Amino acid sequence: MSILIFANLVVGASIGVSGIGGFFLPIVYSSILGIGVRDSLLLSFSAFLVSGFVGTFQYARLGYIRKHLVVWLAAGCLLGAVIGVKINYLLPTSFVKGLLYFVVLAAGISLLMKMEERNSANYILESKFFIFGLSLFTAILCSMSGAGGALILVPVLVALGEKTKYAVGMGILGSVFISIPSSIGYFAQSTLEDGLLLLVVSLAFHGLGVFLGSNMVEKIDQTLLRKSIAYLSIFSSLFLFVQLFSKFT
């Protein structure tokens, strides 16, 4: 139980600051605690739902949500999550995870190469159809692999010129709409014993971590935050690639 509490507290704080880190939860649940894959996904997406609500409230309060894009972001994430859960059985999990990690790695490298904050975002970020398509693609991959939506949305949006704190806010918001259908879908497949206790404890400490992390974001320098997201994206994807390929050796 102590491992579960610590993991949710630390990962929650990381999400609150950068939007990234949620992918560690299914790894902890399945690899360390020995929980089944779909039960791990249930616990993870339930936690992402809490972090999404808490983080979105905090970032909206600070003014870091693009309100005119919320509907398109939500629509893409909801639809993509439903599709992702449905095709979970159809595509090899390793293929989906590999594609997810590649996107995160590419976004992180691109962000690192464009470290200066732009005065204005790329015009494509104002396209509602682009936001819908990006959200749809993100949600399909994340709902199938157990990653939070911000893992893709944050580095991609920042690499395209979005201001870092707005990208984190929108990424956390996207995780809400990915987590709702994903949690419902994996709950229907769950066989977890003592699931209610594990769920309550993980959600409580995950929410606390996000609250603490999001309260720190105003104190963090914008450039430092961009660098942190870039390096976190790159090292996270490389770590996950190594873990993925180690299963085949």
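The values are calculated or read from the model by the stated rules, or taken from the named source; none is laboratory data. Owing to the predicted nature of the structure, the values given are computational and were not obtained by experimental measurement. Reconstructed Cβ throughout: ideal geometry from the backbone, glycine too, with neighbour counts over all protein chains shown.
Assorted remarks:
- Residue in the range 52-65 that is among the polar types (S, T, N, Q) and under 22 Å from E162 (Cα atoms) present: yes
- The one condition from (1) closer than 25 Å to L196 by Cβ; (2) surrounded by fewer than 20 Cβ atoms within 10 Å (Cβ to Cβ); (3) more than 17 Å from the chain's Cα centre (by Cα) that H68 does not meet is (1).
- Just one of (1) under 14 Å from the mean Cα position of the chain (by Cα); (2) at pLDDT 85 or above; (3) not small (G, A, S) fails for L9. It is (1).
- Meets criteria (assigned to a helix (DSSP H, G or I), modelled with pLDDT of 80 or more, out of contact with any strand residue (DSSP E or B) (no Cβ under 8 Å at 6 or more places or on another chain) and more than 20 Å from S110 (Cβ to Cβ)) for G209: yes
- Flag if L225 is over 26 Å from V71 (Cα atoms) and surrounded by 15 or more Cβ atoms within 10 Å (Cβ to Cβ): yes
- For the residues G185, G148, the requirement of being buried (at least 19 other Cβ atoms within 10 Å of the Cβ), in contact (Cβ under 8 Å) with a residue 24 or more places away in the chain, more than 27 Å from A106 (Cβ to Cβ) and of a type outside the set (S, T, N, Q) singles out G185.
- Odd one out for I20, checked against (1) among the hydrophobic types (A, V, I, L, M, F, W, C); (2) out of contact with any Pro (no Cβ under 9 Å at 6 or more places or on another chain); (3) within 22 Å of H206 (Cα to Cα): (2)
Residues checked against (1) at pLDDT 80 or above; (2) over 11 Å from L73 (Cα atoms):
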{"site": "L125", "(1), (2)": "yes, yes"}
{"site": "F130", "(1), (2)": "yes, no"}
{"site": "S143", "(1), (2)": "yes, yes"}
{"site": "A147", "(1), (2)": "no, yes"}
{"site": "A150", "(1), (2)": "yes, yes"}
{"site": "K165", "(1), (2)": "yes, yes"}
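- Residue-level check: of (1) assigned to a helix (DSSP H, G or I); (2) modelled with pLDDT under 75; (3) among the basic types (K, R), R118 misses just (1).
- Single condition G84 does not satisfy, out of (1) under 13 Å from the mean Cα position of the chain (by Cα); (2) more than 21 Å from A167 (Cα to Cα): (1)
- Hey, S175 hydroxyl-bearing (S, T, Y), in contact with a Cys (Cβ under 9 Å, 6 or more places away or on another chain) and either modelled with pLDDT of 85 or more or surrounded by fewer than 18 Cβ atoms within 10 Å (Cβ to Cβ) (or both) or not: yes
- The range 151-172: number of residues that are small (G, A, S), surrounded by fewer than 24 Cβ atoms within 10 Å (Cβ to Cβ) and in a helix (DSSP H, G or I): 1
- Residues within the range 21-36 that are under 14 Å from F239 (Cα atoms) and among the aromatic types (F, W, Y), tallied: 2
- Qualifying residue in the range 181-196 (condition: in contact with a helix residue (DSSP H, G or I) (Cβ under 8 Å, 6 or more places away or on another chain), aliphatic (A, V, I, L, M) and closer than 30 Å to M113 by Cβ): no
- Subset tally (residues that are closer than 21 Å to I131 by Cβ, small (G, A, S) and more than 18 Å from the chain's Cα centre (by Cα)) for the range 30-65: 1
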